[in-house]
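Only one structure is covered here, and it is reproduced in the block below.
The values are calculated or read from the model by the stated rules, or taken from the named source; none is laboratory data. Treat the numbers as computed from the prediction; the structure is a model and nothing was measured. Cβ: placed from backbone, ideal geometry, glycine included. Neighbour counts: every protein chain shown. Accessible surface areas use protein heavy atoms only, side chains included; no ligands, DNA or RNA. Shrake-Rupley method; radii C 1.70, N 1.55, O 1.52, S 1.80 Å.
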Amino acid sequence: MNNQSQVKVGPPLWLLAELTYDCPLHCPYCSNPTELGDTKDELNTEQWLDVLTQARAMGAVQLGFSGGEPLLRKDLEQMVKHSRELGFYTNLITSGIGLTEKRIAKLKVAGLDHIQISFQGADPEMNDIIAGRGNAFEQKFKMAQSVKAQGYPMVLNFVISKQNISQVEDIMRLSCQLNADYVELATAQYYGWAYDNRDHLLPSQQQLIDAEKIVNEFRDKQQGKGPQFIFVTPDYFEVRPKACMNGWGSTFLTIAPDGSALPCHSAKMLPLKFPNVKDKSISDIWQQDFSFNRFRGDSWMPQPCQSCDEKEKDFGGCRCQAFMMTGDMDKTDPVCSKSPDHHLIQEAIERAKHPKNPLLERVNKRSIKDADIVQIKL
Ligand code: FES
């Protein structure tokens with residue numbers, strides 16, 4: 001089915017450049033695919049620079065460098081510089097492992113606008129257990145201080161799960177201490193490794209209610225001063241699905257490390273053939289490729305979405321979630337209380353009360369040695 005004739009396609013305003021799936025951390029909430037590609041298939045510098053040029057020419061304005069850990073790419077500074085010259089607003093989404101004061105300065109000279117550092121907990125013990133790496137907290141703490149000292153706007157990202165939700169207040173205090181500008185307290189999204197680990201990660205409704213109360217009380221005490229906290233609860237406790245990616249193929253374009261072009265970071269698992277920037281121009285991909293047109297508009301929608309008066313608000317929810325939970329990417333997102341599959345969400349919430357399967361640590365295709373982490377010439 002091709003919905004293109006009925007849907008006006010604007011530019012991909014937001015480009016996510018997933019530079020590598022390699023990562024020095026092992027967080028069980030990672031949303032990278034569990035089938036990680038080979039590092040040898042990654043786009044080279046020239047190919048990435050071309051992707052950035054093409055996307056900007058199409059009207060992309062926001063650019064996120066992400067991964068895996070984007071700092072593992074020694075050509076990151078080159079990409080940042082090129083993006084700045086093209087006029088992108090650039091954001092580095094990093095674990096902070098691999099940053100040094102000098103590299104932060106070098107990225108600034110290259111034109112980087114914004115840095116987002118992830119933490120896994122409020123203290124070294126919790127942080128390093130979840131991250132699966134010793135001294136990770138210490139490194140992140142130092143680098144967050146340096147990011148602020150060097151004048152960047154800074155976002156801290158804490159993925160909240162059953163493992164660390166009891167630390168919400170301490171996390172907020174830590175964020176104040178680090179003088180963050182924005183802080184995302186975002187409960188895990190259940191994709192990739194996080195989907196396989198969902199029973200260990202999904203908090204109970206009561207835990208979420210308690211955490212939200214703490215966040216609200218803390219905000220009241222701040223009286224408008226200090227970091228701005230954004231608390232994001234899992235859609236599993238909602239009655240309507242999220243408008244995933246602001247609608248398929250409407251705003252977001254993700255380029256995976258091997259050059260696959262995707263409407264969202266998880267789409268590769270879907271039974272669709274996605275194009276690769278090694279074979280096709282970004283303009284052809286965005287405007288004409290079957291996979292990008294597949295869920296544009298509403299003609300693909302099943303019931304109850306088709307006759308729902310909220311279909312233009314949530315676009316039928318998340319295609320990846322529908323596929324993971326029902327095996328059919330065309331179905332209504334089971335989060336919706338009108339979905340005939342909504343019981344699957346209820347069952348997942350119940351199962352998470354008593355996890356039976358072991359917690360999986362996120363692994364890489366290759367082992368990342370300390371020598372791989374900071375080897376850029378400064
Ligand atoms: Fe793929 Fe929602 S994450 S459509």
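A few remarks follow.
- 222 nm mean residue ellipticity, helices alone, for the chain (DSSP H n ≥ 4; -39,500 (n - 2.57); rounded to 500): -9500 deg cm²/dmol
- Each residue of the stretch 52-60 was assigned a 3J(HN,Hα) from its phi angle through the Karplus curve 6.51 cos²θ - 1.76 cosθ + 1.60 (θ = phi - 60°); the sequence is 5, 4, 5, 5, 5, 4, 7, x, 5 Hz, with glycine and proline shown as x.
- Protection proxy ranking of 11-19, 357-365, 297-305 - average other beta-carbon atoms within 10 Å, highest first: 11-19, 297-305, 357-365
- In Hz, Karplus ³J(HN,Hα) per residue of the stretch 347-361 (6.51, -1.76, 1.60; θ = phi - 60°; x = Gly, Pro): 5, 5, 5, 5, 4, 5, 6, 9, x, 10, 7, x, 6, 9, 8
- The stretch between LYS365 and ALA149, if pulled fully straight at 0.36 nm per residue, gains 74.2 nm over its current Cα-Cα span.
- Net charge in the neighbourhood of GLN321 (other residues with Cβ under 11 Å of its Cβ; Lys, Arg +1, Asp, Glu -1) is 0.
- Choice from LYS273, LYS40, LYS106 showing the highest fluctuation, given a GNM over the chain with Cα pairs closer than 10 Å: LYS40
- Whole-number accessible area per residue in Å² for the chain, which is evaluated in the context of all protein chains at 1.4 Å: 43
- Kirkwood Rh and Cα Rg combined as Rg over Rh, evaluated for the chain: 0.95
- Nearest-0.05 FRET efficiency for HIS354 and GLN177, computed from C-beta distance (R0 30 Å): 0.25
- The residues neighbouring PHE218, those whose beta-carbon lies less than 9 Å from its own, together hold a net charge of 0 under the Lys/Arg +1, Asp/Glu -1 convention.
- Checking the cross-link pairs LYS8/LYS311; LYS268/LYS356; LYS40/LYS74; LYS8/LYS338; LYS213/LYS313 against a 26 Å limit on the alpha carbon distance flags LYS268/LYS356; LYS8/LYS338; LYS213/LYS313 as lying beyond it.
- Under Karplus coefficients 6.51, -1.76 and 1.60, residue-wise ³J(HN,Hα) of the stretch 297-307 in Hz, glycine/proline x: x, 10, 5, 7, 5, x, 6, x, 4, 3, 9
- Segment GLN78..ASP38, full-extension length gain: 12.1 nm, with 0.36 nm per residue of separation and the alpha-carbon distance subtracted.
- Positive minus negative residues near GLU138 (Lys, Arg vs Asp, Glu; Cβ under 14 Å): 0
- Each peptide in 148-158, 284-294 was scored by the mean count of other Cβ atoms within 10 Å over its residues; highest first, the order is 284-294, 148-158.
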